[in-house]
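Structure first, commentary second.
The values are calculated or read from the model by the stated rules, or taken from the named source; none is laboratory data. On a predicted model such as this, the values are computed, not experimentally measured, just so you know. As a convention, Cβ positions derive from the backbone with ideal geometry for all residues, glycine included, and neighbour counts pool all protein chains shown. Note: areas computed on protein heavy atoms with side chains; ligands, DNA, RNA excluded. Shrake-Rupley method; radii C 1.70, N 1.55, O 1.52, S 1.80 Å.
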Amino acid sequence: MIQRLVAGEVPAKHHIKFTDAEGRIRHEEAHTREGFDGPFTLMYHLHEPHRHTEWGVSEYGFAPPVAEGLDTVMPLRRRHFKSFELPRRGGSPLNSRVALQFNKDVVFSSVKPTESDPVYFSNADGDDLYYIHKGSGILRTPLGDLRFGHRDYVCVPRSIKHRFVLDEGVEQDWICFEIRNTIRLPKQWLTHNGQIRMDAPFCHRDFIAPTFTGPNDEGIRTFVVKQQDRFTQFTLAHSPLDVVGWDGSVYPWTFNILKFQARAGLVHLPPDWHGTFAFGGGIICSFVPRMVDFHEQAIPCPYPHEAVHCDEILFYAEGNFISRKGIGSGSISYHPRGVMHGPHPGAYEGSIGHRSTNELAVMMDTFVPLEVCKTAIAVEDNEYHGSWRP
Ligand SMILES: [Fe+2]
C-alpha cells in the first residue's frame with residue numbers, strides 16, 4: 001500500500017480474457033481490501049486459485065493472546081519485560097509466535113523461529129508488521145520473493161499467502177505487531193494524492209517490494225488461514241505461486257529502520273517526529289542513531305511526561321539508552337497511561353551537552369489500554385517500577 005506496481009504479464013485491462021500463446025485462459029484473482037473500496041492487487045494464475053480438496057482444523061498455528069487476568073488487584077506500575085529471556089519455542093514462524101501484549105487493535109508478539117515454514121499461511125485477522133531484531137531469510141509469496149534481514153521491518157498485508165524461508169544457521173529473533181485494522185504511513189508524511197512528501201523522514205525508494213520471477217511450484221499444497229484466531233487448513237489443487245503477473249498496490253514490503261531520516265530540533269522533539277507507521281488506534285515510531293538537539297542548553301533526554309491517552313511499549317534493540325538504567329538489547333518497557341514516566345533519576349540532567357545518541361528502538365503508542373499476557377509476566381523485571389525511587 002505504498003505505491004502501485006506491476007510485474008510479469010498482465011492483460012491490457014482488468015477483468016478481460018487473458019490467454020497464453022496456446023489459448024489457455026489465465027485466472028484472475030482479485031485481492032481487495034475494505035470490501036471493494038480500498039487498495040487492491042490483481043493476480044493472474046495458471047490455474048483456478050480457489051480450488052482445493054481437503055480442509056479442516058489446522059495442525060499449524062500459534063496460541064491466541066490471553067490476558068494475565070490478575071492485574072486488577074495489582075497497583076498501576078511501569079513494567080519491563082525481558083524478551084531475551086523468553087524461552088525459544090522453536091519451530092517455524094507460523095508455530096513460534098508468542099503474544100506478549102494486546103488490545104482490540106493490535107497484538108504484540110515475540111517470534112523466535114528455528115526452521116522455515118513448511119506450508120503457506122495467510123492471516124485474515126490483520127496486517128503483520130515484523131521487526132527483525134536478529135535474523136534473515138526470504139518471504140515467499142505469489143507476488144515474488146522478498147529478502148529480509150537485520151533491522152528490517154517486514155510487512156505482510158492481511159490475507160497475502162506467504163511462507164518464511166529462513167537462512168540456514170542464522171539466529172532469528174523478531175517482534176511482530178499484528179495490526180487488526182490497517183497499517184499505513186502517517187498522514188503527515190503524505191501529499192494529498194498519497195505520495196510520500198519530499199520532507200518526510202523516508203522516501204518511496206526506501207520501501208522494497210518482492211522480486212517477481214514468474215510461476216513457481218515448490219510442491220507445497222497445504223495452506224493455512226487464521227481468522228478470529230482460528231486456524232483452518234486447506235489442501236490446494238495447485239501451487240498458489242502459479243502467478244504469471246500482478247498489478248496493484250497491496251504487496252509485502254521491507255523497510256530498513258536505518259533508512260529512517262531522523263530529525264533533531266533546536267530543542268527536544270516529541271515522538272511524532274519519529275512516527276514511521278500508523279494504524280487505527282496507534283502509532284509505531286523508530287528511534288535511530290542521530291544527532292540530538294542543538295540549543296546550547298538543550299536537554300536531549302525526554303522530559304517526564306503523562307501519556308494521557310496512550311499506553312506505550314518500547315522495544316530496545318541496540319545501543320546505549322541514555323534515559324534508562326537496567327535496560328538491555330531485547331528489553332521491552334511498558335508504560336501504561338495514568339502513571340507518569342520519564343528518564344531515570346540523574347539521566348535528565350546528565351544528558352545536557354550530549355550531541356548524539358546511538359539508540360535503536362521501536363516504540364508503539366496505543367489509544368486503547370493494552371492487556372499483558374502471562375507469557376510476558378514470566379520474564380518480567382519486578383524491580384523496574386521501583387528503580388525510579390531516589
Ligand atoms: Fe513516553
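Worth pointing out:
- The dipole here belongs to the chain: it is taken about the Cα centre, uses +1 on the Cβ of Lys and Arg and -1 on the Cβ of Asp and Glu, and is about 380 debye.
- In the stretch 118-238, inverting the average of 1/r over every pair of distinct C-alpha atoms gives 16.0 Å as the Kirkwood radius.
- Between the stretch 49-95 and the stretch 161-189, the Cα center-to-center distance that results, in Å: 15
- Between Phe40, Gly8, Met340, the Cα set farthest toward the positive side of the dipole of the chain (charges on each charged residue's Cβ, about the Cα centre) is that of Met340.
- The distance between label points at Trp273 and Ser329 comes to 2.8 nm (points 7 Å beyond Cα on the Cα→Cβ vector).
- Amide hydrogen neighbours beyond the local backbone of Asp293, cut-off 5 Å, H modeled: Gly265
- As an equivalent ellipsoid, the stretch 241-301 spans semi-axes of 36, 13, 8 angstrom, where each value is the square root of five times an eigenvalue of the C-alpha gyration tensor, largest first.
- The stretch 232-390, accessible surface, carbon-and-sulfur percent (1.4 angstrom probe): 57
- The phi-based Karplus calculation (6.51 cos²θ - 1.76 cosθ + 1.60; θ = phi - 60°) puts the 3J(HN,Hα) values of the stretch 128-138 at 9, 10, 9, 10, 8, 5, 9, x, 6, x, 10 Hz, whole numbers, x for Gly and Pro.
- Whole-angstrom Cα spans of the stretch 310-366 along principal axes, big to small: 32, 22, 19
- Working note: Debye formula, equal point scatterers on the alpha-carbon atoms of the chain, no solvent; log10 I(q)/I(0) at q = 0.07, 0.11, 0.12 Å⁻¹ is -0.34, -0.81, -0.96.
- When a 1.4 Å probe is rolled over the protein heavy atoms, the share of accessible surface on the stretch 60-117 that falls to carbon and sulfur comes to 59 percent.
- Backbone phi angles across the stretch 339-356, fed through the Karplus curve with coefficients 6.51, -1.76 and 1.60 (θ = phi - 60°), yield HN-Hα couplings of 10, 4, 9, x, x, 5, x, x, 6, 4, 6, x, 7, 4, x, 5, 10, 7 Hz in residue order; Gly and Pro are listed as x.
- Over the chain, Cα pairs under 8 Å with separation of 6+ residues give a relative contact order of 21 percent.
- Segment His309..Lys134, full-extension length gain: 59.8 nm, with 0.36 nm per residue of separation and the alpha-carbon distance subtracted.
- Placing +1 on the Cβ of every Lys and Arg and -1 on the Cβ of every Asp and Glu, with nothing else charged, gives the stretch 262-388 a dipole about its Cα centre of roughly 200 debye.
- Diffusion coefficient, µm² s⁻¹, Stokes-Einstein with Kirkwood Rh over alpha-carbon pairs of the stretch 1-76 at 25 °C and 0.890 mPa s: 142
- For the stretch 262-388: accessible area per residue (Å², 1.4 Å): 42
- Note on the chain: helix-only mean residue ellipticity at 222 nm, from DSSP H runs of 4+ residues weighted -39500 (n - 2.57) and normalised by residue number, equals -500 deg cm²/dmol.
- Put simply, the Cα atoms of the stretch 262-388 extend 45, 33, 26 Å along their principal axes, the longest span coming first.
- Centre separation in Å (Cα based) which lies between the stretch 194-210 and the stretch 228-262: 19
- At an R0 of 35 angstrom, the distance between the Cβ atoms of Ile377 and Thr235 translates into a FRET efficiency of 0.35.
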